[in-house]
């Protein structure tokens, strides 16, 4: 978990990354929470639409009932995320089907997540794990 450990120690920038580590979600949660950060796991298999992904993300992050299920609502809900911790790590398993099926929706969703990751006082790290297409600007945390 060296790349993740570097992020948790603030030696690596927050952001959205591909991550190839095969750790179980509970192992990742333990590491993240031990560092004082919040953790959420989004199991998106076999999600292939933006609406399905947003529904699963909202559940994983325990968004409020008013969450509207669109990208504006996602940006608003992410703005309040992690107020009680130094940061948040979201492990997103199964991102590939969404990225393949709805390239435009996937790109817009990534843009929202990337914008939120730049909030330096409450960093967000999103780890895309599993097979998927090459995406411009998406680097590996490995």
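The values are calculated or read from the model by the stated rules, or taken from the named source; none is laboratory data. Keep in mind that this is a model prediction, so the values were computed, not measured. As a convention, Cβ positions derive from the backbone with ideal geometry for all residues, glycine included, and neighbour counts pool all protein chains shown.
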Residue count, segment 1-30, condition more than 14 Å from residue 90 (Cβ to Cβ) and either touching a helix residue (DSSP H, G or I) at 6+ places or on another chain (Cβ under 7 Å) or loosely packed, with under 15 Cβ neighbours inside 10 Å (or both), comes to 15
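Might you check whether a residue that is within 20 Å of residue 86 (Cβ to Cβ), over 15 Å from the mean Cα position of the chain (by Cα) and at pLDDT below 95 occurs anywhere in segment 48-57?
Initially, segment 48-57 is screened for residues within 20 Å of residue 86 (Cβ to Cβ), giving none.
No, that holds for no residue.
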Condition first: part of a loop (DSSP other than H, G, I, E, B) and in contact (Cβ under 8 Å) with a residue 12 or more places away in the chain. Now tell me which residues in segment 73-83 satisfy that. 81, 82, 83
Which one of 89, 135 is surrounded by 17 or more Cβ atoms within 10 Å (Cβ to Cβ) and touching a helix residue (DSSP H, G or I) at 6+ places or on another chain (Cβ under 9 Å)? 89
Out of (1) in a helix (DSSP H, G or I); (2) exposed (fewer than 14 other Cβ atoms within 10 Å of the Cβ); (3) touching a strand residue (DSSP E or B) at 6+ places or on another chain (Cβ under 8 Å), the odd one out for residue 57 is which? (2)
Residues of segment 34-47 being assigned to a loop (DSSP other than H, G, I, E, B) and either modelled with pLDDT of 90 or more or touching a strand residue (DSSP E or B) at 6+ places or on another chain (Cβ under 8 Å) (or both), in sequence order, are 35, 36, 37, 44, 45
Here are some conditions: (1) over 26 Å from residue 22 (Cα atoms); (2) in contact with a strand residue (DSSP E or B) (Cβ under 9 Å, 6 or more places away or on another chain). Residue 130 meets all but one. Which one does it not meet? (1)
Across (1) touching a helix residue (DSSP H, G or I) at 6+ places or on another chain (Cβ under 6 Å); (2) buried (at least 20 other Cβ atoms within 10 Å of the Cβ); (3) more than 16 Å from residue 14 (Cβ to Cβ), residue 48 clears everything bar (2)
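Just one of 101, 109 is under 19 Å from residue 43 (Cα atoms), surrounded by 13 or more Cβ atoms within 10 Å (Cβ to Cβ) and more than 14 Å from the chain's Cα centre (by Cα); which is it? Steps first, please.
On the way: 109 fails: more than 14 Å from the chain's Cα centre (by Cα).
Result: 101 is the single residue among 101, 109 that is under 19 Å from residue 43 (Cα atoms), surrounded by 13 or more Cβ atoms within 10 Å (Cβ to Cβ) and more than 14 Å from the chain's Cα centre (by Cα).
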Over segment 95-121, the set of residues in contact with a helix residue (DSSP H, G or I) (Cβ under 9 Å, 6 or more places away or on another chain) and outside any helix (DSSP H, G or I) is 95, 102, 119
Flagged in segment 17-33 as in contact with a strand residue (DSSP E or B) (Cβ under 8 Å, 6 or more places away or on another chain) and either in a loop (DSSP other than H, G, I, E, B) or at positive phi (or both), in numbering order, are 20, 21
How many residues are assigned to a helix (DSSP H, G or I) and more than 21 Å from residue 112 (Cβ to Cβ) if we restrict to segment 6-16? 2
